[in-house]
Amino acid sequence: MADTSALTRGGTIRMAAAGLALIAACYGLARFAYGLFVPSFRAAFDLDAGTAGLIASGSYVAYCVGVTLATAATPRLGSRFVAVSAGAAATVGTAFVAMAPDAPLLAVGVLIAGSSTGIASPPLAHAVAHRVAAPARDRVQSIVNAGTGLGVVVSGPVALVVADQWRMAWLAFSAIAAAVTVWVAFVVPAARRSSVPASPARARFPPGALLLGAAAALMGVGSAAVWTFGQDLVGAHTGRGVATVAWIVLGACGLLGAAAGDLVERLGMGAAWAALMVAMAASTAALAVAPGAAVVVLAASGVFGAVYIAATGVLLVWSTQVFPESPARGVGLVFLLLAVGQAVAAPAWGALADLAGLRMAFCAASILSALAVLLRPRACRP
């Protein structure tokens, strides 16, 4: 039965806040915090850069599985059930990482935690598309998507407080994820099936889907270096303190990505996408050129954080325009291919780092980010 009645203003605010918190727990803590702790994991489990990248790749693969299942399950089981499942996976995965006795079991925990991110995005996008009044949808989608930045902001201070006691940090992440999961269970609406059935062929591959998917995948390739090895690169040249502060700055500026919907409205989809990809390439290149200059590192990290979250917000809005009848499917495609790009790139950047150094890997990632400008949405240019 359709579940399409618009939420009240208060209900919309509560759902946006809970959705923001779920994305923060799943993306900022369960998934991307791995990059923050790569130096600790390498020391604790004697990992080389290639192996660390391979474990990160496993997280992205688990994400792909999660987003595929969530995309199919959301219209049938409802946004609330699938969103709660995402929170549960984040809770279990982060707890598993905290208790891992060796590298293989660390990888298992990272995989479970990584799957939570794939499960989280489709139900939230579906709930917003079907339960939020039309004038506020793009803005609410962007606000929820900016939760990644909030999670990164939280993980940084936790890492500073616990110092080398990384297991305590991951136990804290698990406790946060559990609390958020309970909140989501009470606030996110069921939002089961849309009242307007979509044509199967059109829903699967409407016009513009190929370009959208290619843009998401290339962005994933270009961004994987910073998310996986940014702490390694900066920490090796400036020390863990500056590297962790840079991580916090990255997350704090990522909250600016909540303005992605407004950016698209002001500049147009094509111009917004092009500007963001150029900025991502520039920030990645800056880290490669001057990883030992604290001012450059902090500025580049802030730009990367803001740009990454805003760019994923643009992809999210773009996907709901390409898939207007099945938003969960569109968001699932975007984040699936974004993760595929990251899954392929993370071990590749690690292997290149072992051969030629991390700075060379970051330069290559910067070039590929710049190439993503060519995949701007032609039909939506200003």
Got at least one residue in region 294-301 being surrounded by fewer than 24 Cβ atoms within 10 Å (Cβ to Cβ), farther than 21 Å from Gly257 by Cα and more than 12 Å from the chain's Cα centre (by Cα)? yes
Tabulated pairs, region 120-145, first surrounded by fewer than 24 Cβ atoms within 10 Å (Cβ to Cβ) and in a helix (DSSP H, G or I), second at pLDDT 85 or above and of a type in the set (A, V, I, L, M, F, W, C), C-beta under 7 angstrom, 6+ apart or interchain: Arg137/Val128
How many residues are among the aromatic types (Phe, Trp, Tyr) and within 16 Å of Pro39 (Cα to Cα) if we restrict to region 160-180? 2
Taking only region 31-81 into account, find how many residues are of a type in the set (Val, Ile, Thr) and closer than 24 Å to Thr181 by Cα. 6
Within region 260-292, which residues are over 22 Å from Gly222 (Cα atoms) and touching a residue at least 40 places away in the same chain (Cβ under 8 Å)? Gly261, Asp262, Glu265, Leu267, Gly268
For residues that are at pLDDT below 85 and of a type outside the set (Gly, Ala, Ser), tally how many sit in region 323-363. 7
Report, ordered by the first and then the second residue, all pairs with beta carbons closer than 6 Å, sequence separation of six or more or different chains, a first member in region 152-163 that is free of Cβ contacts under 8 Å to residues at least 12 places away in the same chain, and a second member that is among the aliphatic types (A, V, I, L, M). Val162/Met168; Val162/Ala169
Go over the candidates Leu336, Leu315 one by one and state the one that is assigned to a helix (DSSP H, G or I) and touching a Cys at 6+ places or on another chain (Cβ under 6 Å). Leu336
Restricting to region 317-361, name every residue that is within 20 Å of the chain's Cα centre (by Cα) and under 21 Å from Arg76 (Cα atoms). Ser319, Thr320, Pro327, Ala328, Arg329, Gly330, Val331, Gly332, Leu333, Val334, Phe335, Leu336
Filter result for Leu36 (closer than 18 Å to His126 by Cβ and crowded, with 19+ Cβ neighbours inside 10 Å): no
For the subset of region 93-115 comprising residues that are among the β-branched types (Val, Ile, Thr) and touching a residue at least 60 places away in the same chain (Cβ under 8 Å), which member is surrounded by the fewest Cβ atoms within 10 Å (Cβ to Cβ)? Val110
Among the listed residues Gly35, Gly50, Gly19, which satisfies the condition of being within 13 Å of Val184 (Cα to Cα) and assigned to a helix (DSSP H, G or I)? Gly19
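The values are calculated or read from the model by the stated rules, or taken from the named source; none is laboratory data. All values derive from a computational prediction rather than experimental measurement. Cβ atoms come from the backbone with ideal geometry, glycine included; neighbour counts cover every protein chain shown.
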